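The values are calculated or read from the model by the stated rules, or taken from the named source; none is laboratory data. All values reported here derive from a predicted model rather than from experimental measurement. Every residue, glycine as well, gets a Cβ built from its backbone with ideal geometry; the counts of neighbours run over all protein chains shown. Accessible surface is based on the protein model in full, side chains and every heavy atom, while ligands, DNA and RNA are left aside. Shrake-Rupley method; radii C 1.70, N 1.55, O 1.52, S 1.80 Å.
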Amino acid sequence: MGKGWKLLAASWLALSLCAMPSAAQLVSPVEPGAAQAGGAGARAAEQIAIPSVDLPQITPVMLDGDAPPPADKSSDRPGSGDIRPKPAAAALPRPSEFETYVSTLAGKPLRRFGSELLLPAARDFTAPPTTAIPPDYRINPGDELLLGITGSVQASGLRLVVDSEGRIFVPRVGAIAVGGVRYGDLHGLIERQVARQYRGFNLEVAIGRQHGITVYVTGFAARPGSYTASSLSTLVNAVLAAGGPAAGGSFRSIQLRRGGQLVSDFDLYDLLLKGDKRGDAALQNGDVIYISPAGEEVAVIGSVNREAIFELAPDETLTDAILYAGGVNSVADNSRLMVLNGMGGGEPGWREVAAAEAGTRKARRGDVVRVLSQVGIARPLRQQPVLVTLSGEVAHPGQYYVQPGTRMADVLTEAGGLTAEAFPYASVITRESVKHQQRLSYDRAIDDVELLLASQPVTSVNRAQLVQPGNLALIKNIVDQLRRREPDGRLIFDLAVDATSLPGDLILENNDVVHIPARPVTVGVFGAVPSPASFAYRDGATVGDFVQSAGGVQKIGDKKEIFVVRANGTVLADGKRALRAPALPGDLVYVPIDANRGEFWARLRDITGTLFGGLVGAASIKSILE
């Protein structure tokens, strides 16, 4: 009976403890061992009446932490060496002597490959604040952890800062050592420590703020010194924050040392050319970055995809330099290249190197490699691809792709020959190479005409009248209209009027256009005649007969300067004698105005007749007169 009363007293004490505020509890409301009381005592207690007790509702334990200290803003002060983004420098450093030398050779600015990373408009390579924290990140003193717990234990927005000994203090749980723990293992570590005190909870762990680390950038850096970096920063972040390699610094050897040991020797070319960041190690507090002096440099210019100055590793060849430049472009002559070494120790001047030799020849300090272009180089006819366009009176007009060196007769045979209505005498054959030459000659001739017209007021007796503004404006108008004319590239052949074929031995060029018209049935008379028109061709009629059909030459007409443009593009310019010449089908007769400008019109007639052919030449003169 005495044992029963003792059990009853113990039960009453337990119920009294349950009525205490839940915030004072340090253990879970239900102890795992409470259900394992002695069986004998329980049977004795069944014979005693226990008064009913109202139990209060059990609420979860609240873990409240102190507010975190304000974040350290010292690294935000200007000049503190913070690796975070800053306004870029106003300009790149001055070019080195070799850059200046190569830029003079190339005729344009040429910098070291990789220097575009240091341009004011270059993208920032520092780790942004939103970067996901990798699982391998190690917790450092000063890092701030965010804890969230739900269930039987609750904590919302619990901010805990790792102290100098690498510990955090969780209220009602105790100190937990987290310094040096992988971020991927942090959740499991804290969960196990909380589970020693509580059951039935869910835990969320995150890093709220990382404490900065101090790294040292030394060697041939643009701005060497100590820098406060984010814990997620890498070697590249720190190098770029220091302005990158200086003019004498290397892009190929950037060493990361930790505790006196070499951790990584990073080659920036791996990142820039291959996108390989395997050597870009994460930084730790106290790391030292050393930028080595630049190695041997060569310049690659010409027909490559990226002209620049490249730093070569030992024993690299000319071909390696070309590959760093992105290889040759689409118009390059890939069979050879030119090499100049202005540093001495080699053959003076440019030296041609075959493509096979470039793969075995070691590049030397100061080499300038030029890849030649094939653009703008005239190839022999036998090497040119040929596309010919046939139109007009042929059996099968169209475009024909033929072998280089193909003759006119061969293409006409492939096209089925000429039709019965063809008039080869008036055929128009245009060629790009002729058009280019005509353009040069025409520009030179127009310059002569402009000089002639502009000098007349000075050399003429009645210069006071000629220097009037109206006359000068007329001269400018004439020259401007002449400059707007475009040569057509027509080839003129002296065929017989009754010819039945084109020049069969003519070697065709690429983009030649051949038009064979039908036999014309008119002769045109224009200019200073009463009734300019096209008249039906009559066998045996002369040019003068057709001029009379147009009403004869008017008083303002100049009979001495009458000229005839033949259908084949030639010009008959014998003045009065041209009137006695036999007319041919397709002739265009022009009677100019006699305005005491015979020298000018003769010059103009020669230019337009030779370069443009009859129709364009006469139309040009008619337009100027009107």
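Residues of the stretch 255-271 that are under 28 Å from the mean Cα position of the chain (by Cα) and open to solvent by less than 40 Å² (accessible area, probe 1.4 Å): Phe266, Asp267, Leu268, Tyr269, Leu271.
Just one of the listed residues (Val565, Val543, Val591, Val529) is among the aliphatic types (A, V, I, L, M), over 30 Å from Thr389 (Cβ atoms) and in contact with a Leu (Cβ under 7 Å, 6 or more places away or on another chain), namely Val543.
For the stretch 524-558, which positions are in a helix (DSSP H, G or I) and either β-branched (Val, Ile, Thr) or buried (at least 17 other Cβ atoms within 10 Å of the Cβ) (or both)? Once the filter is applied, which keeps residues that are in a helix (DSSP H, G or I) and either β-branched (Val, Ile, Thr) or buried (at least 17 other Cβ atoms within 10 Å of the Cβ) (or both), the stretch 524-558 yields Val543, Gly544, Phe546, Val547, Ser549.
Apart from one condition, Glu352 fits all of (1) of a type in the set (Asp, Glu); (2) open to solvent by 50 Å² or more (accessible area, probe 1.4 Å); (3) not in a strand (DSSP E or B); the exception is (3). Checking Gly326 against (1) in contact (Cβ under 8 Å) with a residue 24 or more places away in the chain; (2) surrounded by 14 or more Cβ atoms within 10 Å (Cβ to Cβ), which single condition isn't satisfied? For Gly326, the failing item is (1).
Count of the stretch 234-255 residues, restricted to those that are of a type in the set (Ser, Thr, Tyr), touching a helix residue (DSSP H, G or I) at 6+ places or on another chain (Cβ under 9 Å) and modelled with pLDDT under 90, is 0. For the stretch 426-481, give me each residue that is among the hydroxyl-bearing types (Ser, Thr, Tyr) and modelled with pLDDT of 80 or more. Passing the criteria: Ser427, Thr430, Ser433, Ser441, Tyr442. If the requirement is being at positive phi, in contact (Cβ under 8 Å) with a residue 40 or more places away in the chain and over 26 Å from the mean Cα position of the chain (by Cα), which of these qualifies: Asp287, Asp315, Asp280? Just a single option satisfies the conditions, and that option is Asp315. Applying the criterion of at least 2 residues that are in contact with a strand residue (DSSP E or B) (Cβ under 7 Å, 6 or more places away or on another chain), polar (S, T, N, Q) and open to solvent by 30 Å² or more (accessible area, probe 1.4 Å) to the strands (runs of 3 or more DSSP E) found wholly in the stretch 150-201 leaves 153-161. The set of residues in the stretch 100-135 that are at pLDDT 60 or above, over 24 Å from Ala221 (Cα atoms) and not small (Gly, Ala, Ser) comprises Thr104, Leu105, Lys108, Thr131, Ile133, Pro134, Pro135.
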